[in-house]
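Contents: one structure, followed by commentary.
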Amino acid sequence: MSASAGLIACHDCDLLHRRVPLPPRGTARCTRCGSRLYRDMRAGTEHALALSLASIVVLVVANTFPFLTFKMGGLVEQNHLASGVQELFAQGYWELASLVFFVIVLAPAVRLALLVFVTASLRFGWRPPALGPALKLAGRLQPWAMLDVFLLGSLVAIIKLSDLAQVQLGTSMYAFGALIILLAAANSAFDSHQAWDALETSPS
């Protein structure tokens, strides 16, 4: 989807439309194919801000409480998200440990903080100098926040380990699943194209 001189092209059929003001919570759709062109900026940023704040809370829960509990032969072992990273470091796989820490902890946390900063600034009319770089960095970090890939890999490992030991899912596992849903909703609510348009049209 692109916009220039008050025109916007449909990302599905490329039909050009003239951008017009929308009512609160309104949505503009393509007259040819019905795809969404853009929506009321205030409503989108409100939803994205609320979902991003909720995601931060759930991310803290996911990194605080136990992820899995293993019971085998009378032994009980609790594991947190950081346990795997620590074990990889202990075994000398510091490159892999750094990558795992980045994609499941650092990248999601930084991106969520940037989304809160950007959406709060747009929602309340702030235009700090760091808003543009923050928006750009949030977009670059999105492909690196691989929470769904990590959760899928964890579920596969749990299924295989269930034949050897009793595996109990911890609070962190459920929080992790909720975090993926919240992040998907936040990404859907936040429209980066409109955010850039708002920055370009706002007074410096």
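The values are calculated or read from the model by the stated rules, or taken from the named source; none is laboratory data. Just so we're clear, the structure is a prediction, and the values are computed from it rather than from any experiment. Neighbour counts are summed over all protein chains in view; Cβ atoms, including those assigned to glycine, are modelled from backbone coordinates with ideal geometry. Side chains included, ligands, DNA and RNA excluded: accessible areas come from the protein's heavy atoms. Shrake-Rupley method; radii C 1.70, N 1.55, O 1.52, S 1.80 Å.
Apart from one condition, residue 100 fits all of (1) outside any strand (DSSP E or B); (2) modelled with pLDDT under 90; (3) open to solvent by 70 Å² or more (accessible area, probe 1.4 Å); the exception is (3).
Of the residues making up the stretch 166-186, those that are in contact (Cβ under 8 Å) with a residue 60 or more places away in the chain and either touching a Lys or Arg at 6+ places or on another chain (Cβ under 9 Å) or not small (Gly, Ala, Ser) (or both) are 166, 167, 168, 169, 171, 173, 176, 179, 182, 183. In the set 42, 32, 25, only one residue is outside any loop (DSSP other than H, G, I, E, B) and basic (Lys, Arg); that residue is 42.
From 77, 87, 95, which residue is open to solvent by 30 Å² or more (accessible area, probe 1.4 Å), without any contact (Cβ under 8 Å) to a residue 12 or more places away in the chain and touching a strand residue (DSSP E or B) at 6+ places or on another chain (Cβ under 6 Å)? Of 77, 87, 95, the one residue that is open to solvent by 30 Å² or more (accessible area, probe 1.4 Å), without any contact (Cβ under 8 Å) to a residue 12 or more places away in the chain and touching a strand residue (DSSP E or B) at 6+ places or on another chain (Cβ under 6 Å) is 77. Being open to solvent by 30 Å² or more (accessible area, probe 1.4 Å) and within 27 Å of the chain's Cα centre (by Cα) is the filter here; which residues of the stretch 9-21 pass it? Result: 11, 12. Taking the stretch 138-173 as the range and being among the acidic types (Asp, Glu) and either outside any helix (DSSP H, G or I) or under 21 Å from residue 192 (Cα atoms) (or both) as the test, only 163 passes. Within the stretch 22-65, the only residue that satisfies the criterion of being in contact (Cβ under 8 Å) with a residue 40 or more places away in the chain, open to solvent by less than 30 Å² (accessible area, probe 1.4 Å) and touching a His at 6+ places or on another chain (Cβ under 9 Å) is 38.
For residue 121, the criteria (1) in contact (Cβ under 8 Å) with a residue 40 or more places away in the chain; (2) open to solvent by less than 50 Å² (accessible area, probe 1.4 Å); (3) in a helix (DSSP H, G or I) hold in every case but one, which is (1). Pairing each residue of the stretch 145-165 that is surrounded by 11 or more Cβ atoms within 10 Å (Cβ to Cβ) with any residue that is part of a helix (DSSP H, G or I) and aromatic (Phe, Trp, Tyr), provided the two are 6+ apart or on different chains, yields C-beta distances under 9 Å for 147/176; 150/176; 151/176; 154/176. Being among the aromatic types (Phe, Trp, Tyr) and surrounded by 14 or more Cβ atoms within 10 Å (Cβ to Cβ), is that true of even one residue in the stretch 126-134? No, every residue in the stretch 126-134 fails to be among the aromatic types (Phe, Trp, Tyr) and surrounded by 14 or more Cβ atoms within 10 Å (Cβ to Cβ). The combined condition, being touching a strand residue (DSSP E or B) at 6+ places or on another chain (Cβ under 9 Å) and within 17 Å of residue 61 (Cα to Cα), is not fulfilled by residue 154. Given the structure, is residue 68 open to solvent by less than 90 Å² (accessible area, probe 1.4 Å), in contact (Cβ under 8 Å) with a residue 60 or more places away in the chain and over 20 Å from the mean Cα position of the chain (by Cα)? So residue 68 passes the test.
Given the structure, is residue 107 under 14 Å from the mean Cα position of the chain (by Cα) and open to solvent by less than 30 Å² (accessible area, probe 1.4 Å)? Considered against the rule, which asks whether it is under 14 Å from the mean Cα position of the chain (by Cα) and open to solvent by less than 30 Å² (accessible area, probe 1.4 Å), residue 107 comes out as yes.
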